[in-house]
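The values are calculated or read from the model by the stated rules, or taken from the named source; none is laboratory data. The shown structure was predicted, so the numbers you read here are calculated from the model rather than taken from an experiment. Neighbour counts are summed over all protein chains in view; Cβ atoms, including those assigned to glycine, are modelled from backbone coordinates with ideal geometry.
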């Protein structure tokens, strides 16, 4: 595989990160769900250090990104990496940047002693599903993701 360049995001990148998030949301037909702001991203990514971002670069320009954070496996007894978002700009797809970003996350996971790298994918996103399978990823068919957000989260917390 071609040698790609990557860099970790810095606080000055929050506007760029937000643009990648918006581009991903548009691709996923979920633009109306993006409520993140530069201020929120700055706080949660760089002050609270709740997640990290790696950019893929072409000629020094950011062409893709991966946003990830650590989770924990009680069965493995160690942390893992959860890939929240992966996006490569359409004009740079097919050049190996997506694979390069996943490989970079796998390297980070191994360097940090993590036990796994995992992510979720929308059921309709056949191109991504085939791509992930080509990397050796396997779907967790016996598992369903559950989520509580917004008013439901607040109500649950008040019970």
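Laid out as a table, the results:
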{"read-out": "Subset of the stretch 79-92 (residues that are over 16 Å from the mean Cα position of the chain (by Cα) and surrounded by 15 or more Cβ atoms within 10 Å (Cβ to Cβ))", "value": "79, 92"}
{"read-out": "Filter pass, residue 122 being assigned to a loop (DSSP other than H, G, I, E, B), touching a residue at least 40 places away in the same chain (Cβ under 8 Å) and closer than 19 Å to residue 26 by Cβ", "value": "yes"}
{"read-out": "Test result for residue 4, under 22 Å from residue 111 (Cβ atoms) and out of contact with any helix residue (DSSP H, G or I) (no Cβ under 7 Å at 6 or more places or on another chain)", "value": "no"}
{"read-out": "Extreme residue, surrounded by the fewest Cβ atoms within 10 Å (Cβ to Cβ), among residues of the stretch 30-53 that are at negative phi, assigned to a loop (DSSP other than H, G, I, E, B) and without any contact (Cβ under 8 Å) to a residue 12 or more places away in the chain", "value": "35"}
{"read-out": "Qualifying residues in the stretch 98-119 (those that are more than 14 Å from the chain's Cα centre (by Cα) and assigned to a helix (DSSP H, G or I)) - the one nearest to residue 65 (Cα to Cα)", "value": "107"}
{"read-out": "Verdict on residue 65 being closer than 20 Å to residue 119 by Cβ, in a strand (DSSP E or B) and at pLDDT 95 or above", "value": "yes"}
{"read-out": "Selected residue (only one of 57, 76, 24, 67 is surrounded by fewer than 18 Cβ atoms within 10 Å (Cβ to Cβ) and touching a strand residue (DSSP E or B) at 6+ places or on another chain (Cβ under 8 Å))", "value": "57"}
